[in-house]
Amino acid sequence: MTSIDVRDLTKAYGSRRAVDRLTFSVLPGRVTGFLGPNGAGKSTTMRLVLGLDRPTSGTATIGGRPYAALREPLHHVGALLDVQAAHGARTGRDHLRALAVSNRIPLSRVDTVLEETGLAPAARRRVKTYSLGMRQRLGIAAALLGDPEVVLLDEPANGLDPEGIVWIRELLRRLAAEGRTVLVSSHLMNETAVFADHLVVLGRGRLLADTPVQDFIHARVQPSVRVRTTDGTALGALLSRHGYDAAAQGDGAWTVRHARVDDIGRLMSEADLPVMELTTEEGTLEQAYLDLTAGETEFTAQPQEA
């Protein structure tokens, strides 16, 4: 089983700790979303896992070994950290061929990953003519070139169009289904909620959460019920009499916090109030994430005055 294991990992720059005694594992067979505000230490942690920086203390291993100790590492680990890594004067195909030759990867894999990432039609174009989304696809193609067991991607959806967003989502799910270890950092909460099974959340270099996605949401955001009838005033009074925490919405509906659809529906039926709308509003990953990281954001904008 090839996992990423981070143990008591610390990276200090002078008196500032970019990563602070961090411990977590990324397991195979699932997509782990790597979240945190800007400056939380996500990119630094990925660089430490890939041996691009040296830790001040602690360890980061892949399959029990440091990245530097892996023989032919691209056969074991694929990573996308910087979409500008490819030389602009090379064609996309030549960039991948150079990586393949230098890492003893069959050249047939170049055509395979070009097709897989949708870049085959642009393979002979110079990288400097590529859009940001195309550079992202090229970086992902390079990460997949050695058919690795472990894949680390830093903001892979950045610059992708809607079709590309759907594609990366399906790719990540497929890689996990094949038993690979997948770690993906992202600022796109809605997308992360779709593709991730598990979350690791950082704040100011420290571990804030290491949990399945749904457990993370349910622990921080209580679902609510949205209800609407022909007599909003009567509905509000009914909910108040029974002790519900309810708030009127601008469209005539009421939002009832910490409630169940069955209970609200039964209450309205007993009061002979017609039901025009009755739905559960589940908490979102974005709500849960903002609730957890509210005090961990290094850079925040001031509220806009009306």
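Within the stretch 279-294, can you find the residues that are surrounded by fewer than 17 Cβ atoms within 10 Å (Cβ to Cβ), assigned to a loop (DSSP other than H, G, I, E, B) and touching a residue at least 12 places away in the same chain (Cβ under 8 Å)?
First, the residues of the stretch 279-294 that are surrounded by fewer than 17 Cβ atoms within 10 Å (Cβ to Cβ): 279-282, 284, 286-287, 290-291, 294.
Checking which are assigned to a loop (DSSP other than H, G, I, E, B) leaves us with 282, 284, 294.
Matches in the stretch 279-294: 282, 284.
Being in the same structural domain as residue 92 (by TED's automatic domain parsing), over 19 Å from residue 28 (Cβ atoms) and more than 17 Å from the chain's Cα centre (by Cα) is a description that applies to residue 163.
Among the residues of the stretch 21-47, the ones that are in a strand (DSSP E or B) and under 19 Å from residue 294 (Cα atoms) come to 3 in all. Is it true that residue 192 is farther than 27 Å from residue 38 by Cα, of a type in the set (Ser, Thr, Tyr) and at pLDDT below 95? Criteria not met by residue 192.
Within the stretch 40-67, which residues are in contact with a Phe, Trp or Tyr (Cβ under 7 Å, 6 or more places away or on another chain) and of a type in the set (Ser, Thr, Tyr)? Quick ask: steps written out before the conclusion?
Narrowing the stretch 40-67 to residues in contact with a Phe, Trp or Tyr (Cβ under 7 Å, 6 or more places away or on another chain): 42, 49-51.
Within the stretch 40-67, none qualify.
Of the residues making up the stretch 147-166, just one is touching a Gly at 6+ places or on another chain (Cβ under 6 Å), at pLDDT 95 or above and not in a strand (DSSP E or B), namely 148.
The test for being in contact with a Pro (Cβ under 7 Å, 6 or more places away or on another chain), surrounded by 15 or more Cβ atoms within 10 Å (Cβ to Cβ) and under 24 Å from residue 282 (Cα atoms) does not hold for residue 210. Checked against (1) touching a residue at least 60 places away in the same chain (Cβ under 8 Å); (2) touching a Leu at 6+ places or on another chain (Cβ under 6 Å), residue 43 passes all but condition (2).
Kindly indicate whether residue 37 is under 14 Å from residue 202 (Cα atoms), touching a helix residue (DSSP H, G or I) at 6+ places or on another chain (Cβ under 6 Å), touching a residue at least 40 places away in the same chain (Cβ under 8 Å) and crowded, with 17+ Cβ neighbours inside 10 Å. Considered against the rule, which asks whether it is under 14 Å from residue 202 (Cα atoms), touching a helix residue (DSSP H, G or I) at 6+ places or on another chain (Cβ under 6 Å), touching a residue at least 40 places away in the same chain (Cβ under 8 Å) and crowded, with 17+ Cβ neighbours inside 10 Å, residue 37 comes out as yes.
For the structure I just gave you, tell me whether residue 142 is under 15 Å from residue 32 (Cβ atoms) and under 23 Å from the mean Cα position of the chain (by Cα). Steps first, please.
Numbers: under 15 Å from residue 32 (Cβ atoms): no; under 23 Å from the mean Cα position of the chain (by Cα): yes.
The answer is no for residue 142.
Let me confirm something: among 85, 12, 79, which residue is in a strand (DSSP E or B) and closer than 19 Å to residue 154 by Cβ? Talk me through it step by step, then tell me what you get.
Numbers: 85 fails: in a strand (DSSP E or B); 12 fails: closer than 19 Å to residue 154 by Cβ.
Going through 85, 12, 79 in turn, the sole match is 79.
When the residues of the stretch 144-166 are filtered to those that are of a type outside the set (A, V, I, L, M, F, W, C) and touching a residue at least 60 places away in the same chain (Cβ under 8 Å), which remaining residue is nearest to residue 5 (Cα to Cα)? So the residue we want is 149. Kindly evaluate residue 54 against the criterion of being basic (Lys, Arg) and either farther than 20 Å from residue 211 by Cα or modelled with pLDDT under 95 (or both). Judged against the criteria, residue 54 is a match. Scan the stretch 218-234 and tell me whether some residue there is closer than 18 Å to residue 24 by Cβ, surrounded by fewer than 21 Cβ atoms within 10 Å (Cβ to Cβ) and more than 18 Å from the chain's Cα centre (by Cα). Checking the stretch 218-234: at least one residue is closer than 18 Å to residue 24 by Cβ, surrounded by fewer than 21 Cβ atoms within 10 Å (Cβ to Cβ) and more than 18 Å from the chain's Cα centre (by Cα).
The values are calculated or read from the model by the stated rules, or taken from the named source; none is laboratory data. Predicted model, so just to flag it, every value in this text is computed and none were measured. Every residue, glycine among them, receives a Cβ derived from its backbone with ideal geometry; neighbour counts consider all protein chains shown.
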